[in-house]
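*Asks:* Quick one: this structure, given as structure tokens, is what I'll be asking you about.
Laboratory data are not the source of any read-out in this text; all were calculated from the coordinates shown. Model, not experiment: these values are computed from the prediction. Cβ placement follows ideal geometry from the backbone for every residue including glycine, while neighbour counts extend to all protein chains displayed.
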Amino acid sequence: MTKTFLLGTGCQKGGTTWLFQYLRDSPQFVRGFRKEYHVFDAIDIPGQAYRRDEITEAAEATLARGRGGRPINAQVMMLAAMQANPTFYYDYFAGLLMTRPAGRVTADVTPSYGMLSADRLKEIREEFDARGVRTVSVFLMRDPVDRVLSQMRMQVRRKSDRFRRPLRDVLLLRHASPGYASRTRYDLTLAALEEAFEPGEVYYGFYESFFNEDRIREVCEFVGIDFHPPKLDVRSNASPQVDDVPEETLRTVAETYRPVYEAVAARFPEIDLQALWPYARLLG
């Protein structure tokens, strides 16, 4: 039986939580202790280095509790070990699969892995191959303008004190900042994935057309599990509308991400991108 590791590479606000929850409900899926491990982004991406600091501090705190006779948080210690030496990461997931006879697939679905280099992606693939595990990736894309808007709305919902100005103003000021742009440059992610993986080892999907049985059956076949009925009426981490944004502002954002729209249109010529991604019309 083929054992498969699924590396979820994004995009953020593109349906990855829903996908993970769907896979998790399969008896052939071997679940680890979380959806997002944030190992390689914490190591490689300067803007994500804070995650390494957070885990290091949490590890120090749980060790201090252990010295006082209280329970140690094993998950924190495992994450600290993975970040310090990724061998623990590869061995952990390979071990999950090898110790579950009926298990076919396990996964780390961390959307910010879409920012990883081709070299890092190759390393992940090669390390699992050396352990007898097939590696595949799923990359879900969403209209760039809509994705940035959704990320901002999520942040407004979670940290409203940081957004004292109307969303329309924040969007105009921040849409091209690294925290948004690095997660929206699908053109760079596509290039890295296609350099690191062989044809047929990456599933590309679109948020706007993903939530139907045909697409879910494709994913099941791709990762190697049996189809089970999806809960298509449920959306995870949905970001509600909180403001109206002028079309001229939306056009400015779309122009910023013109290279993304053009690269995706070139890579998937069979798709009517203006029909699929509503903000593509703003580019003329």
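*Asks:* About its Cα centre, how strong a charge dipole does the chain have in debye, to the nearest 20, once Lys and Arg get +1 and Asp and Glu get -1 at the Cβ?
*Replies:* Working: 39 positive and 39 negative charges, 246 e Å.
Magnitude of the dipole: close to 1180 debye.
*Asks:* Compute the normalised compactness of the stretch 101-210: alpha-carbon radius of gyration over 2.2 N^0.38 Å, N being the residue count. Don't jump to the answer; show the numbers that get you there.
*Replies:* On the way: Rg = 17.0 Å, N = 110, 2.2 N^0.38 = 13.1 Å.
The reported ratio for this selection is 1.30.
*Asks:* Separate question: Could you size up the charge dipole of the stretch 1-126 around its Cα centre, putting +1 on the beta carbon of Lys and Arg and -1 on that of Asp and Glu, and report it in debye to the nearest 20?
*Replies:* Numbers: 16 positive and 13 negative charges, 98 e Å.
That gives the stretch 1-126 a dipole magnitude of about 480 debye.
*Asks:* Over all directions, what mean area does the Cα convex hull of the stretch 1-107 project, stated in square nanometres?
*Replies:* Working: hull surface 31.6 nm².
Average of the hull's projected areas for the stretch 1-107 equals 7.9 nm².
*Asks:* Can you compute the helix-only [θ] at 222 nm over the chain? Use -39500 (n - 2.57) per DSSP H run of at least 4 residues, normalise by all residues, nearest 500 deg cm²/dmol.
*Replies:* Helix contribution divided over all residues of the chain: -15000 deg cm²/dmol.
*Asks:* All other residues with a Cβ under 12 Å from the Cβ of residue 247 taken together, and with Lys, Arg as +1 and Asp, Glu as -1, what is their net charge?
*Replies:* Details: positive: 168, 251, 281; negative: 244, 248.
Net local charge, residue 247 excluded: +1.
*Asks:* Below 8 Å, C-alpha to C-alpha, sequence gap of six or more: please give me the relative contact order for the chain in percent. Working shown, then result.
*Replies:* Numbers: 398 pairs, mean separation 77.8, N = 284.
Once normalised by length, the contact order is 27 percent.
*Asks:* Report the extension gain between residue 255 and residue 226 in nm, rounded to one decimal, defined as 0.36 nm multiplied by the number of residues separating them, less their alpha carbon distance. Don't jump to the answer; show the numbers that get you there.
*Replies:* Values: separation 29, 0.36 × 29 = 10.44 nm, distance 4.16 nm.
Here the answer is 6.3 nm.
*Asks:* Report the charge-dipole magnitude of the stretch 1-70 in Debye, nearest 20, computed about the Cα centre from +1 at each Lys and Arg Cβ and -1 at each Asp and Glu Cβ. Don't skip to the end; give the middle numbers.
*Replies:* Details: 11 positive and 8 negative charges, 70 e Å.
I would put it at about 340 debye.
*Asks:* Could you put 78, 152 in order, starting from the residue whose Cβ has the fewest other Cβ atoms within 10 Å?
*Replies:* Values: 78 19, 152 23.
Ordered from fewest to most neighbouring Cβ atoms within 10 Å, 78, 152 come out as 78, 152.
*Asks:* Which of the listed residues, 268, 16, 50, is farthest toward the dipole's positive end in the chain, when Lys, Arg count +1 and Asp, Glu count -1 at the beta-carbon?
*Replies:* Positive-end residue among those listed: 50.
*Asks:* Could you tell me how many cubic angstrom of Cα convex hull volume the chain has per residue? Working shown, then result.
*Replies:* On the way: hull volume 41.4 nm³, N = 284.
It is 146 Å³ per residue.
*Asks:* Scan around residue 107 for amide H atoms under 5 Å from its own, H built in the peptide plane at 1.01 Å from N, and keep only partners 5 or more places away or cross-chain.
*Replies:* Amide H neighbours of residue 107, under 5 Å, 5+ apart: 6, 32.
*Asks:* To continue, here is another question. Once Lys and Arg get +1 and Asp and Glu get -1 on their Cβ, which of 284, 216, 196 lies farthest toward the positive end of the dipole of the chain?
*Replies:* Value: 216.
*Asks:* Using the Karplus curve 6.51 cos²θ - 1.76 cosθ + 1.60 with θ = phi - 60°, work out ³J(HN,Hα) for each residue of the stretch 249-262 in order, rounded to whole Hz, and write x for Gly and Pro.
*Replies:* With coefficients 6.51, -1.76 and 1.60, one gets 5, 4, 5, 4, 5, 4, 5, 4, 9, 3, x, 6, 4, 5 Hz.
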